[in-house]
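See below for the structure under consideration.
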Amino acid sequence: INPADLLNEITTIIGRYIVLKKEQAHAVALWVAFTWFIDEVNYAPLAIINAPERARGKSLLMDLMGRMVARPVLASNITAAALFRSLEHWKPTLLIDEADTFVKKSDELKGLINAGYTRSNAYVIRVVGDDHVPKRFIVWGAKALAGISLEKHLPDSTMSRAIVFELRRKLPHEKVQRLRHASDKVFQNIASNLAKFAAASAPPVQPARPTLPERLNDREHDNW
């Protein structure tokens, strides 16, 4: 597997179905690949798919990403208890749509999403069973949130932990293909190649310390 060719292929596929700037399409491809390296990294930046109004393609982009990420679990609603139990049980890439309709109402849910950002702090403690035995649950993992104007519904602490994809309406001259007509085999091949890429490249990824622009703040350095 040639990683550059694979990432370029993912970028091309994204542009085939979603109207995005090339830089954002590259970032989506990198985030998709990152989910396959979740066991090698120490930070798990959120992917926030944002739009100012409906019919901008946010759910479509989440669907598209869900076909390529590692161990995808998609949901249009989730409780705090279901979130930490799902992460503990499945170790998935969690893709949450319609986040603007329910996340804003739950401070506990916001806290859990933030807690899973760093591997070292990605634990919550709850009591379980009739005897109320304390148990530690891991909330580490890749997570994506999609919604309308999420900057109004999520705290700054959550937005700062994210790679944000701002979607806009397609212009009359812009043409994209229908995702519902896409071949499943294409995405199966991408996922298979990403798995091979991760298996071959995991050892050098963990100690990697790429040089990043100084104009980024500390949190942005961690994200990127």
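The values are calculated or read from the model by the stated rules, or taken from the named source; none is laboratory data. Computed from a predicted model, the values in this text were never measured in an experiment. Note that we place each Cβ from the backbone using ideal geometry, even for glycine, and neighbour counts take in every protein chain shown. Heads up: the accessible areas ignore ligands, DNA and RNA and are worked out on the full protein's heavy atoms, side chains in. Shrake-Rupley method; radii C 1.70, N 1.55, O 1.52, S 1.80 Å.
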Scan GLY116, GLY141 and give me the residue that is farther than 22 Å from LYS58 by Cα and crowded, with 21+ Cβ neighbours inside 10 Å.
GLY116
Across the stretch 14-24, what is the number of residues that are surrounded by fewer than 21 Cβ atoms within 10 Å (Cβ to Cβ) and assigned to a helix (DSSP H, G or I)?
6
Can you name the number of the only condition in (1) β-branched (Val, Ile, Thr); (2) open to solvent by less than 10 Å² (accessible area, probe 1.4 Å); (3) assigned to a loop (DSSP other than H, G, I, E, B) that VAL41 fails?
(2)
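Each row is one residue, and each column tells you yes or no for (1) under 17 Å from the mean Cα position of the chain (by Cα); (2) of a type in the set (Ser, Thr, Tyr); (3) farther than 18 Å from ALA33 by Cβ; (4) outside any helix (DSSP H, G or I).
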position	(1), (2), (3), (4)
ALA146	yes, no, yes, yes
ILE163	yes, no, no, yes
ARG180	no, no, yes, no
ALA199	no, no, no, no
ALA202	no, no, no, no
Looking only at the stretch 23-76, which residues are without any contact (Cβ under 8 Å) to a residue 40 or more places away in the chain and not acidic (Asp, Glu)?
ALA25, HIS26, ALA29, LEU30, GLY66, ARG71, PRO72, VAL73, LEU74, ALA75, SER76
Exactly one condition in (1) open to solvent by less than 20 Å² (accessible area, probe 1.4 Å); (2) assigned to a strand (DSSP E or B) is false for LEU154; which is it?
(2)
